[in-house]
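I have placed the structure first, in the form of structure tokens, so that the comments after it can refer back to it.
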Amino acid sequence: MTDLEYMSRALSLAERGCGRVSPNPMVGAVIVKDGRIIGEGWHEQFGGPHAERRALANCTEDPRGATIYVTLEPCCHWGKTPPCTDAILEAGLSRVVIGSSDPNPLVAGKGAAILREHGVQVEEGVLREACDTLNVVFFHFISTHQPYGVLKYAMTLDGKLATSTGLSRWITGEAARARVHADRNRYAAILVGVGTVLADDPLLTCRAPGGRDPVRVICDTRLRTPLTAQVVTTAKQTRTILATCCADPARQQPYRDAGCELLILPERSGHVDLTALMTALGAQNLDSVLIEGGADIHWSALEQGVVHRVQAYIAPKLFGGLTAKSPVGGPGVPAPDACFHLSAPTITRLGDDLLLESEVL
């Protein structure tokens with residue numbers, strides 16, 4: 001096998017930490033000696049051993065003189081676990097092949113430099129693009145301390161979120177909906193507006209096998225969420241945050257009694273200030289937010305610059321209707337050159353539906 005193949009294996013291992021390691025990165029490691037894999041590991045959960053230490057612990061023979069392939073530059077500082085550079089040096093590994101450099105200021109090239117200073121051969125940038133893509137959330141969060149925002153919606157081929165009567169279940173098929181639930185496991189939080197709660201009474205949990213529920217965040221400027229809503233009645237089982245501008249303790253108390261957390265935030269254009277909300281969520285180590293609200297909150301999120309990626313699920317259906325809602329509401333941009341620019345999309349076929357994904361430029 002080649003360096004690329006071993007790194008590809010490390011990437012597949014890293015993915016197994018999805019939904020379990022946030023706000024840490026997903027990392028995989030493969031140890032090779034004399035052309036044989038003798039140890040593998042990945043970062044399995046937040047606070048647990050890193051991938052390099054897992055791989056070393058799983059070695060079937062002495063790793064001295066072996067090569068380790070790791071998707072992210074080994075850490076060189078104490079956090080919840082000891083530095084991985086120490087473990088690599090103590091094990092006597094002679095070569096380290098790295099996918100991504102670590103933008104964490106505590107690492108940022110220092111890990112590779114320490115290894116080289118101790119005579120270890122270090123090669124960097126192997127499958128870098130794939131390794132960087134795996135941890136785009138971590139790279140954003142460690143650099144900005146703000147959640148990575150993913151705007152997600154499902155629409156028909158004529159750009160409708162629902163029929164003119166407001167019905168929307170279901171626009172896409174089972175394969176697309178399964179992908180949505182996989183992303184609810186991947187991202188730390190899910191955000192909707194109170195309008196979505198009033199219209200659909202959603203549960204906003206993850207129904208992927210073995211998945212983890214995201215933290216539910218409801219933007220509710222005036223505290224209109226019904227106490228009978230599913231997000232309230234299940235708040236003691238699934239963490240739920242109401243982001244509001246209502247500072248009345250009496251209005252807040254029933255939600256607190258139900259198990260909801262409240263974030264009292266400033267108002268912006270008559271609604272919760274989303275930039276302030278993202279700062280507050282980042283302070284709670286929530287590194288990513290899946291925005292699944294309606295057209296109005298989608299516009300506000302774009303306008304306030306809290307969207308970094310757009311996911312558009314497109315079903316081969318036509319609804320029509322002048323009053324049927326489109327994915328992004330608000331006043332809209334005044335001219336074509338004032339639009340929000342996106343990268344060329346990647347396209348994934350999911351049953352009869354398509355998923356288009358673009359980064360906000």
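The values are calculated or read from the model by the stated rules, or taken from the named source; none is laboratory data. These figures come from a predicted structure and were not determined experimentally. Glycine also receives a Cβ, built like all others from the backbone with ideal geometry; neighbour counts cover every protein chain displayed. Just the protein is used for accessible areas: all its heavy atoms, side chains included, with ligands, DNA and RNA removed. Shrake-Rupley method; radii C 1.70, N 1.55, O 1.52, S 1.80 Å.
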Fill in the blank from the handout: Heavy-atom accessible area with a 1.4 angstrom probe orders Arg177, Arg128, most exposed first, as Arg128, Arg177
Exercise for the section: Read phi for every residue in segment 244-251 and hand back ³J(HN,Hα) as whole Hz from Karplus 6.51 cos²θ - 1.76 cosθ + 1.60, θ = phi - 60°, with x for Gly and Pro. Expected result: 9, 9, 7, 9, 7, x, 5, 5
Practice task
Mind checking which of Thr348, Val32, Pro83 is farthest towards the positive end of the chain's charge dipole, using Cβ charges of +1 (Lys, Arg) and -1 (Asp, Glu) about the Cα centre?
Solution key: Thr348
Handout entry: Length-normalised contact order for segment 37-192 - Cα pairs under 8 Å, 6+ apart - percent
Key = 15 percent
Handout entry: Dipole in debye (nearest 20) - the chain, about Cα centre, beta carbon charges: Lys, Arg +1; Asp, Glu -1
Key = 840 debye
Completion exercise
Counting only DSSP beta bridges fully inside the chain, the antiparallel percentage to nearest 5 is 40 percent
Completion exercise
Spelling it out for Leu72: with amide H atoms placed in the peptide plane at 1.01 Å from N, the residues 5 or more places away or on another chain with amide H under 5 Å from its amide H are Gly28, Gly99, Ser100
Problem - For Arg179, solvent-accessible area (1.4 Å; no DNA, RNA or ligand), Å² - result: 70 Å²
Exercise for the section: Scan around Leu342 for amide H atoms under 5 Å from its own, H built in the peptide plane at 1.01 Å from N, and keep only partners 5 or more places away or cross-chain. Expected result: Leu361
Problem - Accessible area (Å², 1.4 Å probe, nearest 10) - Ile114 - result: 50 Å²
Practice task
Find the accessible area per residue for segment 229-361; the probe is 1.4 Å, ligands and nucleic acids are left out, and the unit is Å².
Solution key: 49 Å²
Exercise for the section: Keeping to pairs on different chains or 8 or more places apart, tell me how many lysine pairs in the chain have Cα atoms under 17 Å apart. Expected result: 5
Handout entry: Accessible surface, segment 14-95, averaged per residue in Å² (probe 1.4 Å)
Key = 40 Å²
Handout entry: C-alpha center-to-center spacing [segment 112-185, segment 56-110] in angstrom
Key = 25 Å
Completion exercise
Reported to the nearest 10 Å², His118 has, with a 1.4 Å probe, an accessible area equal to 120 Å²
Problem - Signed unit charges on C-beta, dipole axis of the chain, positive-most listed residue Leu72, His118, Leu227 - result: Leu227
Exercise for the section: Have a look at Leu4, Ala276, Ile171 and report the one farthest towards the positive end of the charge dipole of the chain, computed about the Cα centre with Cβ charges (Lys/Arg +1, Asp/Glu -1). Expected result: Ile171
Practice task
Would you work out if the chain is rounded, prolate or oblate? Take a ≥ b ≥ c from the square roots of the eigenvalues of the alpha-carbon gyration tensor; rounded if a/c is under 1.5, else prolate when a/b is larger than b/c, oblate otherwise.
Solution key: prolate
Fill in the blank from the handout: Applied in sequence order to segment 110-116, the curve 6.51 cos²θ - 1.76 cosθ + 1.60 (Karplus, θ = phi - 60°) yields integer Hz couplings, x standing for Gly and Pro, of 5, x, 5, 5, 4, 4, 5
Problem - Distance between segment 313-361 and segment 235-289 - C-alpha centres, whole angstrom - result: 28 Å
Problem - P(r) tail fraction, segment 181-303 - alpha-carbon pairs more than 21 Å apart, % - result: 33 percent
Exercise for the section: Work out the length of the dipole vector of segment 31-146 about its Cα centre, built from +1 on the beta-carbon of each Lys and Arg and -1 on the beta-carbon of each Asp and Glu, and round it to the nearest 20 debye. Expected result: 100 debye
Practice task
Sticking to Cα atoms, compute the Rg of segment 304-361 to one decimal and its Dmax as the biggest Cα-Cα distance, whole number, in Å.
Solution key: 13.5, 37
Exercise for the section: Pop out the ³J(HN,Hα) list for segment 213-223 in order, Karplus 6.51 cos²θ - 1.76 cosθ + 1.60 with θ = phi - 60°, rounded to Hz; leave Gly and Pro as x. Expected result: 6, x, 5, 8, 10, 10, 7, 9, 3, 10, 6
Handout entry: About the Cα centre, charge dipole magnitude for segment 222-361 (Lys/Arg +1, Asp/Glu -1 at Cβ), debye
Key = 420 debye
Problem - Protein-only accessible surface order, largest first, of Glu90, Glu123 at 1.4 Å - result: Glu90, Glu123
Practice task
Go through Met1, Met26 and list them by solvent-accessible area, largest first, probe radius 1.4 Å.
Solution key: Met1, Met26
Practice task
Using amide H atoms built 1.01 Å from N in the peptide plane, name the residues 5+ places from Gly41, or on other chains, whose amide H lies under 5 Å from its own.
Solution key: Ala29, Ala55
Practice task
Label segment 234-323 by shape, choosing from rounded, prolate and oblate, from the square roots a ≥ b ≥ c of the eigenvalues of the Cα gyration tensor; if a/c is under 1.5 it is rounded, and otherwise prolate applies when a/b is larger than b/c, oblate when it is not.
Solution key: prolate
Practice task
Let me know the shape class of segment 1-138, please: from the alpha-carbon gyration tensor, a ≥ b ≥ c as square roots of the eigenvalues, rounded when a/c is under 1.5, otherwise prolate if a/b is greater than b/c, or oblate.
Solution key: rounded
Fill in the blank from the handout: With all protein chains present, the chain has a carbon and sulfur share of its accessible area (1.4 Å probe) in percent of 54 percent
